[in-house]
Structures are given as structure tokens and as C-alpha cells.
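K.L.:
I have a structure I would like to understand better, so I am pasting it below and will then ask my questions one at a time.
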Amino acid sequence: MTRSVTARVPAKVNVQLAVGGLRPDGFHDLANVFLAVGLYDEVTATPADDLRITVSGADADSVPLDRTNLAARAALALAERHGVEPRVQLHIDKDIPVAGGMAGGSADAAGALVACDALWGTAASRAELLEICAELGSDVPFSLVGGAALGRGRGELLTPLETGGTFHWAFAVAEGGLSTPAVYRECDRLRAADGQGATVDDVPDPEPSAALLEALRTADAAALAAAVTNDLQSAALSLRPALADTLRAGTDAGALAALVSGSGPTCAFLAEDAEAAAAVAKALAASGTCRAVRVAAGPAAGAAVVPG
Ligand SMILES: C[C@](O)(CO)[C@H](O)COP(=O)(O)OP(=O)(O)OC[C@H]1O[C@@H](n2ccc(N)nc2=O)[C@H](O)[C@@H]1O
Ligand SMILES: Nc1ncnc2c1ncn2[C@@H]1O[C@H](COP(=O)(O)OP(=O)(O)OP(=O)(O)O)[C@@H](O)[C@H]1O
């Protein structure tokens, strides 16, 4: 009998995304407050003749099947470090919107690492897994750890954050994605056009908001709503002006806060409770301003093998 290992990995929303100036290496320093939410991709690793990627789910057609897939890159990185032949089929059951600003590719990378580590018995330490994650992308370490965390550096240096309870969200999934590097470039362009400059010498160092961290700690949705910020939001709106209609539709429907998730174009709406989130989602679906709606709560646990 062929043994398979499945890992489940959550999406994220950034409740604070403070973006510093452009660094010489092309990245931006961040104060990035991540919250994992209960929308999941599943990655199943099965022994095979060679490395193969297959994908199912609504957005499957827009996911690469070659070695540019972040899940494939994760498996190759682990195999190389441990001298294992990467003979594995990785099946991704995708529920996280692709190129949506919810770290879907990063989730698949973290899931592939956890699943392959269990399948191959490589028993990588947490520190080694985090190191591989950081090599793969700025959001990947958070996909591994989940929960809530502050990301410094380019987002890869994580400090776990305490959360006092659950936050309820509705998400509006847009037609088509946005390229993360293009959104960061647009942020730089807007800053330069403003005359403020866009480099690390021009932009103040990004800092986490004390009020926001306190709102997370006390599970105060209204206080969190008052504190959420996303420095990439104006760039995402500049590239996709129609997102303003989506944000307005959610606010009109009673959301406590409406913001672009990370680099977008998914929009995130914080609600008082699960019932209110469902009502916001229903109104968004009827508004005609998005392709699909989802509800999810956070914090959710990070990448983990599904028992059995
Ligand atoms: C927007 C966020 O999703 C917020 O969590 C992340 O910052 C993006 O993280 P990610 O998708 O894992 O991004 P990476 O794969 O590391 O980087 C892709 C590109 O995004 C830009 N990038 C990313 C992270 C960062 N701190 N500064 C950047 O300028 C760079 O142009 C980089 O080449
Ligand atoms: N496993 C994967 N799933 C989805 N996209 C992938 C994957 N591997 C590589 N990609 C490529 O990465 C691009 C960005 O996809 P992804 O879904 O990770 O974006 P995102 O959610 O906006 O990322 P983030 O929120 O981390 O900035 C896609 O357009 C696709 O070409």
C-alpha cells in the first residue's frame, strides 16, 4: 500500500502592514502583523517516480505545475538538504485564492515541507524548516507557524503574538490576481510621485501599532477595526480602482473594518461575530463587486499534518 501524507495550511490576512522604504536588495522592511484564518489549502505527498505537481480546486488552472510551483521548490529544498531523491507527487487541493494577497503559494510551500518531511522521515528541526521557509519567500515562515505573529525584516523574522479570542471575517475574492512585486513597485512609485521619496533613507522605519497588538491580545474586534492599516492598500487601489467599490459594499453592509488583504486584490472585512460576517458576505455576494465571497475566523493553526 502506498503511504500518503496530507498537510493542511491556512491563509493569512495582514491586520497591519507597515511598509518601510525600498532596500538595496529590492525588498522592503515591514512591521507585518499576520493573522492566520481558517481558509485552507491541503498538500498531499505520495511516493512517485519523479517530482510531480497536480492541483484541484476552483483556481487550479492558474497554478503552475512545473518546478516554479512554490510547493515543488519547497520539496526540492528539503530533499537537497537531506540527500533524499525528490520522488514525490504533490497534490494541492486549493481553496485559498491564487495571487489574492492571502499567501496561497506560501501556504503550499509550507504544506509541502511538512508533508515531505513526514513522508521521507527527514525529521527536520523547526529551526531548519523556518530557515527553508525564509529562503522560499517572505510569507512562508508565517504559513508554517500560523496563529498571529509580528513579522519584521522582510516579514520572515517572526515573533508570535498573543490573541485573546477569535476574530470573524468576510473575504471578497476579486476577478484575477495582482502581482505582489508590482504592488510594491506601485507603492514606491506613489511615494516618489508624492515627493516623499521611496528608499530606506526617505521612509520612516515601520513600527507595529501598540493599540493594534492590545486589540489582538484582548480580542476586541472594534478596537482592532479602529487600528487596522495596510500601506499597500493605496497601491493596490491605484492598480485596481474597482476595489474601492468592493470596500464600500462591505462597509455599507456593516463591516467594522474594510481593507485590502496584503498586496490584494482580495478585500477583508472584520465583523463583530460569525453571524455578522455571514451577513456581510451575503451583501458582498449580492453587490456584484467581487467574484466570490468567503467567511473565515482567525487565528487558525499553522501548517500541520492531517492525522490518519
Ligand atoms: C504582501 C505580503 O503578502 C504581506 O504579507 C508579503 O510582503 C509578500 O510576501 P511574498 O509573497 O512571500 O513575497 P516574496 O516572494 O518574498 O517577494 C516577492 C517580491 O515582493 C516584493 N517584496 C516582498 C516582501 C517585502 N518585504 N518587500 C518586497 O518588496 C519584492 O519585489 C519581492 O521580489
Ligand atoms: N502553489 C502555488 N499556488 C499558487 N500560486 C503559485 C504557487 N506556486 C507558484 N505560484 C505563482 O505565484 C503567484 C502568486 O501566487 P500566490 O497565490 O502565492 O499569491 P498571493 O496569495 O498574492 O501571495 P502573497 O499574499 O504571499 O503575496 C501565482 O500567480 C503563481 O504564478
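Quick note: the coordinates plus some simple rules give every number you see, no bench work behind them. Values in this document were obtained by computation on a predicted structure and should not be read as measured data. Cβ atoms come from the backbone with ideal geometry, glycine included; neighbour counts cover every protein chain shown.
K.L.:
Would you mind calculating the relative contact order of the chain from Cα pairs under 8 angstrom and at least 6 residues apart, reporting the percent as a whole number?
P.N.:
RCO, the chain: 26 percent.
K.L.:
Once you charge only the Cβ atoms, +1 for Lys and Arg and -1 for Asp and Glu, what is the size of the charge dipole of the chain about its Cα centre, to the nearest 20 debye?
P.N.:
380 debye
K.L.:
Under 5 Å between amide H atoms, partner at least 5 residues away or on a different chain: which partners does Cys290 have, H built in plane at 1.01 Å?
P.N.:
Close amide H contacts, sequence-distant or interchain: none at all.
K.L.:
Using θ = phi - 60° and the Karplus relation 6.51 cos²θ - 1.76 cosθ + 1.60, list the HN-Hα couplings for the stretch 242-257 in order, rounded to whole Hz, with x at every Gly or Pro.
P.N.:
Values, residue by residue: 5, 5, 4, 5, 5, 4, 5, 4, x, 5, 4, 7, x, 4, 6, 8 Hz.
K.L.:
While we're here: Can you give me the long-range amide H partners of Leu22? Hydrogens built in the peptide plane at 1.01 Å from N, cutoff under 5 Å, separation of 5 or more residues or another chain.
P.N.:
Amide H neighbours of Leu22, under 5 Å, 5+ apart: Thr199, Val200.
K.L.:
Next up: Sorted by mean Cβ packing within 10 Å, highest first, what order do the peptides 293-305, 230-242 take?
P.N.:
Going from most to least packed, we get 293-305, 230-242.
K.L.:
Using a cut-off of 13 Å between beta-carbons, work out the net charge of the residues near Ala303 (Lys and Arg +1, Asp and Glu -1, Ala303 not included).
P.N.:
Once all neighbours under 13 Å are counted, the net charge is -2.
K.L.:
With θ set to phi - 60° and the Karplus curve 6.51 cos²θ - 1.76 cosθ + 1.60, what are the ³J(HN,Hα) couplings of the stretch 258-272 in order, to the nearest whole Hz, using x for Gly and Pro?
P.N.:
10, 8, 6, 7, x, 8, x, x, 4, 9, 10, 10, 8, 10, 5
K.L.:
What order, most packed first, do the peptides 68-80, 40-52 have when packing is the mean number of other Cβ atoms within 10 Å of each residue?
P.N.:
68-80, 40-52
K.L.:
Right, here's the next one. Toward the positive end of the charge dipole of the chain, about the Cα centre and with charges on Cβ (Lys, Arg +1; Asp, Glu -1), which of Ala172, Ser209, Val5 goes farthest?
P.N.:
Value: Val5.
K.L.:
Same structure, new question: Top mean-square fluctuation among His91, His28, His82, Gaussian network model of the chain, C-alpha springs under 10 Å?
P.N.:
Its mean-square fluctuation being the largest, the pick is His82.
K.L.:
I've got another one for you. Highest first, please rank the peptides 274-286, 145-157 by the mean number of other Cβ atoms sitting within 10 Å of their residues.
P.N.:
So the peptides 274-286, 145-157, ranked by packing, come out 145-157, 274-286.
K.L.:
Moving on to the next point. Grab the Cα-Cα distance for Thr218 and Leu190, subtract it from 0.36 nm times how many residues apart they are, and report the gain in nm with one decimal.
P.N.:
6.6 nm
K.L.:
After finding the eigenvalues of the alpha carbon gyration tensor for the stretch 167-298, what semi-axes result from the square roots of 5 times each, listed largest first in whole Å?
P.N.:
26, 20, 10
K.L.:
Give me a comma-separated list of calculated 3J(HN,Hα) values for the stretch 211-226, in order, Karplus coefficients 6.51, -1.76, 1.60 applied at θ = phi - 60°, integers in Hz, x for any Gly or Pro.
P.N.:
5, 5, 5, 5, 5, 5, 5, 9, 6, 9, 5, 5, 5, 5, 4, 6
K.L.:
Where the centroid of each part is defined by its Cα atoms, how far is the stretch 29-73 from the stretch 204-220 in Å?
P.N.:
The stretch 29-73 and the stretch 204-220 have Cα centres spaced 30 Å from each other.
K.L.:
Counting alpha carbon pairs within less than 8 Å and at least 6 residues apart, what relative contact order, in whole percent, applies to the stretch 146-271?
P.N.:
31 percent
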